[in-house]
1. Rounded, prolate or oblate: which one fits the stretch B:1-66, using the alpha carbon gyration tensor with axes a ≥ b ≥ c (rounded when a/c is under 1.5, else prolate when a/b beats b/c, else oblate)?
2. Mind checking which lysines have their C-alpha under 24 Å from B:Lys128, skipping anything on the same chain fewer than 8 residues away?
3. Quick one: which of B:40-49, A:78-87, A:14-23, B:81-90 comes out on top by average Cβ neighbours within 10 Å, and what's the full order, highest first?
4. Order of B:108-120, A:93-105 by packing, highest average Cβ count within 10 Å first?
5. Which angle between 0 and 90 degrees, to the nearest 10, do you get for helix A:21-34 versus the longest principal axis of chain A when only C-alpha atoms count?
6. Starting from the Cα of A:Lys118, draw a straight line to each of the aspartates and glutamates and keep only those under 15 Å, dropping any in the same chain fewer than 8 residues away.
7. Tabulate in residue order the Karplus-calculated ³J(HN,Hα) for the stretch B:91-104, using 6.51 cos²θ - 1.76 cosθ + 1.60 with θ = phi - 60°, rounded to whole Hz; enter x for Gly and Pro.
8. Convert each backbone phi in the stretch B:41-46 into a coupling constant with the Karplus relation 6.51 cos²θ - 1.76 cosθ + 1.60 (shift: θ = phi - 60°), then list the ³J(HN,Hα) values in order as whole Hz, x for Gly and Pro.
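Read-outs throughout are calculated quantities, based only on the coordinates presented, and are distinct from any laboratory measurement. No experiment lies behind these values; they were computed from the predicted model shown. Cβ placement follows ideal geometry from the backbone for every residue including glycine, while neighbour counts extend to all protein chains displayed.
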Amino acid sequence: MNDVERQLKHALRRCDPPANFANRVLARVAAENEEPALRPGTHRFRLSWPSLRWAVAAIVLLIVTVMGYRIHERRVEEAQALAAKRQVMIALRITGAKLRIAKQRVRAVEEGQEKTGKTL
Amino acid sequence: MVFSIAFRFLRDRAVAEELAQDVFLKLYRELSRLESREHVKFWLRKVISHRSMDYARGAHRRREVALDDVLEPAVQSNGSDPLLENSLRKLVASLPEEARMVIVLRYQEEMEPQEIAETLGLPLATVKSRLRRSLVLLRGKAQRLMGEPAR
């Protein structure tokens, strides 16, 4: 062992803990022993509480998602029904207009025939 | 032993006491698992070493402890130079955590490199190399500090 090692050994020699160190450790041990014992089942509940909260949050999220999707679906269906109704109305209007034109033409043809018969 | 390892490593009396108390509380909880007096001694050294190094790494990140500002405890000097001792302790404190703990265990606890390797969970070669490098470093720094060659 050389000088530096000897000096190190001396400089790093063991030092005593502060006064009452042992008493403070014993007090902490005693405090830990005095903590009330948990009833059977309580421990498990306390351990699972965070999991339970996550489960509730997940269920709420699921319900909100499903309801949101249903509302969205209903709105899409309503929009599709409205569009279909509009198309039917337009189709009926077009059909009515065409029928009127056809009726007018038939009437015109009938009137023309009547005039020709009278002149003959 | 437990308080002393933490204190020599961290140079903070309050933190060393807190860590030492934690270790003794942990010992109380795990006493039934320990088989012999030697096992308890090994366990105490191991746990306080790791706790101290973990704390130092955290404190290094937080920059909470200014090592040069920490007061040394009043210890009997036994005729040696207190200034030299204090300088050596400061030099040891400037070493990286692992190397510092190797030095503390070697020169405070007088543990063999094999025992240090087992305590810190390091390969024996690593412990020997840390010890050798740290001594070279400390010798060089001590020479510069004292202005005289240290053998």
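1. Working: a/c = 2.51, a/b = 2.32, b/c = 1.08.
The shape class here is prolate.
2. Within reach: A:Lys9, B:Lys41, B:Lys46, B:Lys90, B:Lys141.
3. On the way: B:40-49: 18.9, A:78-87: 10.0, A:14-23: 13.2, B:81-90: 15.9.
Top of the packing list down: B:40-49, B:81-90, A:14-23, A:78-87.
4. Details: B:108-120: 17.8, A:93-105: 10.0.
Per-residue Cβ counts within 10 Å, averaged per peptide and sorted highest first, yield B:108-120, A:93-105.
5. On a 0 to 90 degree scale, this one is about 50.
6. Excluding near neighbours in sequence, the set is A:Glu110.
7. 5, 4, 5, 7, 6, x, 3, 5, 5, 5, 5, 4, 5, 4
8. 4, 4, 4, 4, 4, 5
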